[in-house]
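What follows is a short report on a single structure.
All of the numbers you see were taken from the coordinates with simple rules; none came from a lab. Bear in mind that the values here come from a model prediction, so they are computed numbers and not experimental data. Quick reminder, even Gly has a Cβ in these numbers, built from the backbone with ideal geometry, and neighbours come from all protein chains shown.
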Amino acid sequence: MSLRKLASLQKIDRITIHSNTDSLELAYIGGWQVAVRKGEFKIGDLIIYCEIDSILPDKPEFEFLRSKHFRIKTIKLRGALSQGIILPLSILDNEQQILNAYLSVGKKILGTDVTEKLGITKYELPEKEMGKCDAKGSLPPFVIKTDEQRLQSAMSLIDEMWGLDCYITVKEDGTSFTAYYNDGIFGICSRNLELKMDDEAAKKDIERLNSYAKIAKQYDLKNKLKFVGRNIVIQGELTGSGIQGNPMGVPGHQLHLFSAYDIDNHIYLNYDNFKILAKAIGVPTVETIYLGTFNFDLPALLEMAKGKYNGTKNNREGIVVRPTQEHFSKTLHGRLSFKVINNEYLLGRK
């Protein structure tokens, strides 16, 4: 579960010098580092922080972002990483009211979401064309949208994970795929939609199907999930030709699972049971690069997130961290799980 807020009230935790210029400083909010003009902010200032992938509205106050199409990206300024932007409270029409509230309730106001108030939207990569599989509708209620929390926006997750047995997997760069079998009904979904299966087309020519339906046929998921013995949702990353430029260099199309959800018991399968299920239905899982006790800080995780996809020169997207036994996260109000994105990958995004 992700609690991502594109724009929120935050406090500047610390400020350091920029080693390559006297005109800039580096401000830190949670796990994020942002380049700012020297002297513009000070430690403890209450500000608005806008995360990467925010698209700011076309307004005069954001004119400086027009050449970037108003989109906030990970960049380097004079050699230093900068992720997001910091805006002064004065951009809000209720600045004094917010300051008064902060003086009275302190930390409780931190994290207040102002995304909608500022008219900010999220940049999304377009989903792959549906081809011959039209959208059937929204996701079924028992399918949880794949949307991992970024660690830098919820640093308390390190404390929640600390000391637990965990597994860390490579975050693949493709498109989210979901299949389910529930009370005799089989279905497939993209990240945002349930899709129709064109069975007649499949009988005649599998090439007429889109990649979601092809992969379901390729792994015979309808029949395999039927005999699992429980109502189940499986989720994974679909990669290959025509999907996000195929940065992993996958021939054809491949599916690697990263989660399985027990519909009737409303719980994700623990690591061992998940691996057993994947083996039973003959679908590989995403690569596990660490299995053991969690004892990592943010710099160590960012270092672990680096690397290339096997056999390519392409930066991998990052890593996903989960406990081997499912845990409830007080921070996320749901499943304890988070991602750490490779900064070299972010810098290379178009």
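Some notes on this structure:
- Here the relative contact order of segment 7-122, from alpha carbon pairs under 8 Å that lie six or more residues apart, stands at 31 percent.
- Three-way shape label, segment 271-350, alpha-carbon gyration tensor, a/c 1.5: oblate
- Label corresponding to semi-axes √(5λ) of the Cα gyration tensor in Å when calculated from the structure given, among [x] 39, 22, 20; [y] 55, 29, 20; [z] 27, 25, 22: [x]
- Full-extension gain in nm, Phe328 to Ile185, via 0.36 nm per residue minus C-alpha separation: 48.6 nm
- Working from the Cα coordinates of segment 1-64, the gyration tensor eigenvalues give, after taking √(5λ), semi-axes of 21, 16, 11 Å in decreasing order.
- Approximating the spin labels as points 7 Å out from Cα along Cα→Cβ, the Asp297-to-Thr312 distance works out to 3.3 nm.
- Between Met155 and Lys222, the simple spin-label model (points 7 angstrom out along Cα→Cβ) gives 5.1 nm.
- Calculated FRET efficiency for the pair Glu116/Gln96, C-beta based, R₀ 25 Å, to 0.05: 0.75
- Global geometry of segment 295-339, whether rounded, prolate or oblate, following the gyration tensor of its Cα atoms and the 1.5 cut on a/c: prolate
- For Asn94, net neighbour charge (Lys/Arg +1, Asp/Glu -1) across residues whose Cβ lies under 15 Å away: -3
- In this label model, Lys59 and Asn20 are separated by 3.2 nm, measuring between points 7 Å along each Cα→Cβ vector.
- Two-site FRET efficiency, Ala280 against Lys68, from Cβ-Cβ distance with R₀ of 51 Å, rounded to 0.05: 0.60
- With R₀ set to 25 Å, the beta-carbon distance separating Ile289 from Asn192 gives a calculated FRET efficiency near 0.30.
- For the chain, the relative contact order comes to 18 percent (Cα pairs under 8 Å, sequence separation of at least 6).
- Max mean-square fluctuation residue, GNM over the chain, Cα-Cα springs under 10 Å, options Gly242, Gly229, Gly174: Gly229
- With an a/c value of 1.5 or above and a/b not larger than b/c for the gyration tensor axes a ≥ b ≥ c computed over the alpha-carbon atoms, segment 155-292 is described as oblate.
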